[in-house]
Structures are given as C-alpha cells and as structure tokens.
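A short reminder: the numbers here are calculations on the coordinates, not readings from a lab. Predicted, not measured: the structure shown is a model, and the values here were computed from it. Note: ideal-geometry Cβ built from the backbone for every residue, glycine included; neighbour counts use all protein chains shown.
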C-alpha cells in the first residue's frame with residue numbers, strides 16, 4: 001500500500017499546527033539566550049579591562065556606557081579627556097596585541113547587544129500585532145512572557161483570571177506548600193500598576209490587572225475587536241479606586 005498519501009497528510013497536519021505563538025516563544029528563548037551570553041561576555045571583558053585600566057573601569061560599570069566608550073578606543077590616552085581621569089594607571093600594561101584582542105571583544109559585545117535589540121523589537125512587534133489588547137494592558141514584555149508560559153494565546157484565554165495572575169510563580173507555589181502560603185502574583189508582578197502601589201495593595205492590584213488582561217486576551221483570540229481604550233480605562237478606574245480607598249495618592 002502506498003504510504004505517500006498518509007505521509008503527505010501528516011506533513012500537512014504538522015505544518016498547520018504551527019502558529020505565530022510558536023514564533024513568539026522561540027524568539028523569547030532566543031532573546032533570553034542572547035542576554036545570558038551578553039552578560040557572561042560583558043563580565044569577562046570588563047574583568048580584562050579592569051586589569052588594564054582599573055581607574056576607568058570603576059566608572060564604567062554600566063554596560064551600555066562601557067561599550068559606547070571602549071568600542072571607540074581601548075587605550076588609556078583616548079579616555080582621559082572623556083572620563084577626566086589620569087592616564088597614569090596602577091593597572092597592568094597590556095601590549096598592542098592584547099589591546100587589539102580586547103578591542104575585538106568589545107566589538108563582539110556590541111554586536112551581541114545590537115542583536116538582542118533586534119530580536120526584542122521583532123518579538124514585541126509580533127505580540128502587538130497579534131495581541132493588541134493584551135499587550136496594551138500588560139505591556140509588550142509581560143504579554144510576551146505570558147504567551148511563552150501559556151504556550152498559546154488561546155490557552156491563556158481559557159484560563160481563569162486567578163491562574164493568569166500567578167502565571168510564572170510555579171516554583172514559588174511549590175515552595176509555598178511547606179509554608180502554607182499562596183503566591184499572589186507571577187510575571188504580572190512587574191506591571192507598572194504593581195510597581196506604583198504600596199506592598200499591602202499589590203495582591204489586590206494584581207487581581208485587577210489579571211482580570212482586565214484576561215478580558216483583553218479573550219478579545220484578541222475570539223472577537224478580534226480593538227478594545228484597548230475601553231479595557232485600559234476600566235483597569236485604571238478600578239486601580240484608582242483601590243488606591244483612593246486606601247489613602248494612596250498615586251494615580252493611573
């Protein structure tokens with residue numbers, strides 16, 4: 001019996017099984033891997049530069065500033081004016097070959113940093129284009145992480161708001177069994193609304209945000225309507241009411 005028809009049907013089902021959610025999840029994984037590589041490389045390059053010019057390294061601890069300045073020139077003489085420090089250093093005098101290698105390493109660090117920005121830009125554009133309501137309520141980064149954790153936008157739409165609220169807190173939930181406490185939030189903890197409110201209100205604020213986020217993802221998945229303004233106003237109104245009733249002057 002010819003199996004070509006069955007094979008073709010199997011290939012077709014596999015192809016139809018992919019969706020933009022899979023692209024979003026892969027881009028998140030790629031972004032995370034790039035960030036880890038960037039952090040490791042920065043630490044190593046920074047340590048080498050500290051050996052060479054500790055006076056400059058001590059004021060260039062911020063990664064972007066370090067890359068921006070050292071990419072242009074690694075030698076001490078080129079930095080004394082921009083950093084207002086002495087060229088007379090207590091660091092080890094690297095020779096020309098070592099400085100060239102250091103310069104190449106900084107350039108590679110810059111390339112990795114640029115790649116991370118490109119991946120994140122594409123990731124956030126995909127989230128905004130396919131889940132406009134959801135990303136408007138949560139922000140592109142949190143929305144992307146939610147989709148990654150839920151695997152599919154449709155899966156998120158079928159969750160309860162309480163489950164959406166603690167999505168990403170699985171490890172904390174497992175640990176809480178011994179303490180007999182339940183986590184109040186997962187990745188939603190980084191939402192602007194929770195950053196603004198006092199600690200004693202974060203749980204209630206998370207509940208409000210999760211409820212509106214669920215409404216947003218349901219809208220994106222099922223009706224495809226643009227209700228960003230409507231849902232945002234509802235969320236901000238409820239958050240303002242929450243903080244107002246508790247004497248918190250912060251507004252939304």
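When the helices in the chain are scored as -39500 (n - 2.57) per DSSP H run of 4 or longer and the sum is shared across all residues, what 222 nm value do you end up with, to the nearest 500 deg cm²/dmol?
Theoretical 222 nm ellipticity from helices: -22500 deg cm²/dmol.
Calculate the FRET efficiency for residue 47 and residue 121 from the Cβ-Cβ distance with a Förster distance of 22 Å, rounded to the nearest 0.05.
0.15
When only C-alpha pairs under 8 Å and at least 6 residues apart count, what is the relative contact order of the stretch 19-125, in percent?
So the answer I get is 41 percent.
How big, in percent, is the set of alpha carbon pairs in the stretch 19-125 lying more than 19 Å apart?
The proportion of pairs with Cα distances above 19 Å equals 48 percent.
Express the C-alpha Rg of the chain as a ratio against the empirical globular expectation 2.2 N^0.38 Å, rounded to two decimals.
Output field value: 1.37.
By how many degrees, between 0 and 90 and to the nearest 10, does the Cα long axis of helix 63-72 differ from the longest principal axis of the chain?
It is inclined by approximately 40 degrees.
Round to the nearest 10 and give me the degree value, 0 to 90, for the angle of helix 170-179's Cα axis relative to the longest principal axis of the chain.
80
Angle between the Cα long axis of helix 202-218 and the longest principal axis of the chain, 0 to 90 degrees, nearest 10?
On a 0 to 90 degree scale, this one is about 70.
Using 0.36 nm per residue, how much length does the chain from residue 151 to residue 6 gain when fully extended, once their Cα-Cα distance is taken away?
Fully extending the segment from residue 151 to residue 6 adds 49.4 nm.
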